[in-house]
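Heads up: the structure comes next, in structure tokens.
Only the coordinates and a few stated rules stand behind these numbers; no lab work does. Predicted model, so just to flag it, every value in this text is computed and none were measured. For neighbour counting, all protein chains shown are included, and Cβ atoms are generated from backbone atoms with ideal geometry for every residue, glycine included.
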Amino acid sequence: MRKYLIVLLVPILAVINITGCQQQVTDSVMDVVDQPVTPTKDDPAAYTVALVQEAIDLYKSEGKTAIIVHYNDPANIDGQWYVFITDENDNFLAHAQSPNLLGTDLKDVVGPGDSTLGVRIAMATTTGTWIDYLWPNPESGENEQKHTWAIRYDGYLFGSGYYTPIETSSN
């Protein structure tokens, strides 16, 4: 029975090869595999989430000391984007944009006209949350609408955000 199947398969394969019915494999595997898309600043919400995820990934691979050193370095401020991190008691461990906040309690942070700002950010959970508020944009120096993504991981709070100018009516 086995010899009979082989005798049948050989001529079939020969016909396929002669007629050109075989599929040519000329593309590189990398050409057909979808590469993960890294968010850009053109999509500020996705970029912000990715920036925070990078901080969490650094924590996972290098530990607490590494994230404190890295995210307190002003070289890691990218225009309006920077990462801030608090410990499990909500005390700032890293905030390169405002180093005066280090060691202070996030819940004590007050925004322009918003006395509950720090408390609202501190309420972030392990699933993450967006918080919108007014905050001075480090690029413009103006109070602008800030959209912050904050998420807890391993007890720490990781956050970053982006700004949008406040819409004013011109009457």
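When the pairs Lys107/Lys146; Lys64/Lys107; Lys41/Lys107 are compared against a 25 Å limit on Cα-Cα distance, Lys41/Lys107 fall above it.
For the stretch 44-164, the Cβ-based charge dipole about the Cα centre amounts to some 180 debye (Lys, Arg positive; Asp, Glu negative; other atoms uncharged).
Of the listed peptides 133-142, 155-164, what is their order by residue-averaged count of other C-beta atoms within 10 Å, with the highest listed first?
Sorting 133-142, 155-164 by mean packing, highest first, produces 155-164, 133-142.
Look at the dipole of the stretch 44-164 built from charges on Cβ: of Thr104, Thr126, Leu157, the Cα furthest out on the positive end belongs to Thr126. Between the listed residues Asn89, Val69, Gly79, the Cα displaced farthest toward the positive end of the dipole of the stretch 30-126, a dipole computed from Cβ unit charges relative to the Cα centre, is found at Asn89.
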